[in-house]
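J.: Starting off with a structure, shown below.
The values are calculated or read from the model by the stated rules, or taken from the named source; none is laboratory data. All figures in this text were calculated on a predicted structure; none of them were measured in a lab. Ideal geometry is used to build each Cβ from the backbone, glycine not excepted, and the neighbour counts take in all protein chains shown.
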Amino acid sequence: MNGTESRIRTHVKGLDERIGGGIPAGFTVLICGPSGSLKSSLAFNILYHSSKDQGLGGLYLSVEQSKESLLGQASSLGLSMENVDTLNVVDLAKLRRESRKSEEENLIVTLQDLLAKYNEEFDLQLLAIDSLDALYALSTLKNPRNEIFRFFEALRDLKLTSFLVSEMPREGGSFGKYGVEEFLSDGIIHLRLREVEVGRTTSVRRFIGIAKMRGTKHELDYYPLLVDKSGFEVLVE
């Protein structure tokens, strides 16, 4: 699955064609954007359809949101978990129950051990962590740059295609809290919110672009992103 020619589709209509058919398998990819830009929904959409349509093993790890809340939100977008057998959703409460360590333990270190366990147990190909910022907030990082580097290396050692949700201010800025995530990642999917004047009202529209994708010829344009129960789609003129 992780050969050089393998690609993981984003399942965003119109986007995969612009990145050589999808994301190279084995990559670690940031999904970045401000609150409300549907970062979590996009990450879930990728794992959901990869599981439902292709049978790939996936783990969606929610650090902030409960499993019930996450699945309710996904269902509102038409992503029902009925008959989806290879996608596993784990939240922080389950993580802590299975870690056997105190809540004061560094979560980012604990998570590395648990991911190795889940990888073997669930026969994974895909991983999503939602979000990096929540993970940092629950970890004691004495030397953030070094510890984040080791975390990214641990993800690569799992030989999975990993999607890391990262919060950004609406006005832009770094793609990660500590400024190293964008260099350590193999790819960056960037979601934007933009105010558009429509008659006498102001509407907020979502846009998506590929800011980085190693080894892949891709466009740098940002496209309007439409999301409804029929799926994710970019508008291309």
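J.: For the range 54-72, indicate whether the set of residues that are assigned to a helix (DSSP H, G or I) and among the aliphatic types (A, V, I, L, M) is non-empty. Lay out the reasoning, then the answer.
T.: Going residue by residue through the range 54-72, those that are assigned to a helix (DSSP H, G or I) are 54, 67-72.
Among the residues that remain, those that are also among the aliphatic types (A, V, I, L, M) are: 70-71.
Yes, because at least one residue in the range 54-72 is assigned to a helix (DSSP H, G or I) and among the aliphatic types (A, V, I, L, M).
J.: Which of the following residues is touching a strand residue (DSSP E or B) at 6+ places or on another chain (Cβ under 6 Å), assigned to a loop (DSSP other than H, G, I, E, B), surrounded by 19 or more Cβ atoms within 10 Å (Cβ to Cβ) and touching a residue at least 12 places away in the same chain (Cβ under 8 Å): Ser51, Ser37?
T.: Details: Ser51 fails: assigned to a loop (DSSP other than H, G, I, E, B).
Being touching a strand residue (DSSP E or B) at 6+ places or on another chain (Cβ under 6 Å), assigned to a loop (DSSP other than H, G, I, E, B), surrounded by 19 or more Cβ atoms within 10 Å (Cβ to Cβ) and touching a residue at least 12 places away in the same chain (Cβ under 8 Å) holds for just one of Ser51, Ser37, which is Ser37.
J.: I need every pair where a residue in the range 149-164 that is closer than 20 Å to Thr10 by Cβ has its Cβ under 6 Å from the Cβ of a residue that is of a type in the set (Phe, Trp, Tyr), sequence separation at least 6 or different chains.
T.: Taking only residues 6 or more apart or on different chains, the pairs are Thr161/Phe27.
J.: Right, another one. Go through the range 17-34 and give me each residue that's in contact with a strand residue (DSSP E or B) (Cβ under 8 Å, 6 or more places away or on another chain) and either closer than 18 Å to Asp228 by Cα or not in a loop (DSSP other than H, G, I, E, B) (or both).
T.: Of all residues in the range 17-34, those in contact with a strand residue (DSSP E or B) (Cβ under 8 Å, 6 or more places away or on another chain) come to 18-34.
Matches in the range 17-34: Arg18, Ile19, Ile23, Pro24, Thr28, Val29, Leu30, Ile31, Cys32, Gly33.
J.: Can you work out which of the residues in the range 76-87 that are of a type in the set (S, T, N, Q) and surrounded by fewer than 18 Cβ atoms within 10 Å (Cβ to Cβ) is modelled with the lowest pLDDT? Explain how you work it out, then say what you get.
T.: Start the filter on the range 76-87 by keeping residues that are of a type in the set (S, T, N, Q), which leaves 76, 80, 83, 86.
Now narrow it down to the ones that are surrounded by fewer than 18 Cβ atoms within 10 Å (Cβ to Cβ): 76, 80, 83.
Numbers: Ser76: 94, Ser80: 94, Asn83: 88.
Among those that are of a type in the set (S, T, N, Q) and surrounded by fewer than 18 Cβ atoms within 10 Å (Cβ to Cβ), it is Asn83.
J.: Another question, if that's okay. Can you tell me which condition Pro169 does not meet? The list is (1) farther than 12 Å from Leu59 by Cα; (2) out of contact with any Gly (no Cβ under 6 Å at 6 or more places or on another chain); (3) at pLDDT 95 or above; (4) not small (Gly, Ala, Ser), and all the others hold.
T.: For Pro169, the failing item is (3).
J.: Assess whether Val196 counts as being of a type in the set (A, V, I, L, M), modelled with pLDDT under 95 and either in a strand (DSSP E or B) or touching a Cys at 6+ places or on another chain (Cβ under 9 Å) (or both). If you could, list the steps in order and put the result at the bottom.
T.: On the way: of a type in the set (A, V, I, L, M): yes; modelled with pLDDT under 95: yes; either in a strand (DSSP E or B) or touching a Cys at 6+ places or on another chain (Cβ under 9 Å) (or both): yes.
Judged against the criteria, Val196 is a match.
J.: Considering only the range 20-34, state which residues are farther than 16 Å from Ser185 by Cα and either under 9 Å from the mean Cα position of the chain (by Cα) or touching a residue at least 40 places away in the same chain (Cβ under 8 Å) (or both).
T.: Hits for the range 20-34 are Gly20, Pro34.
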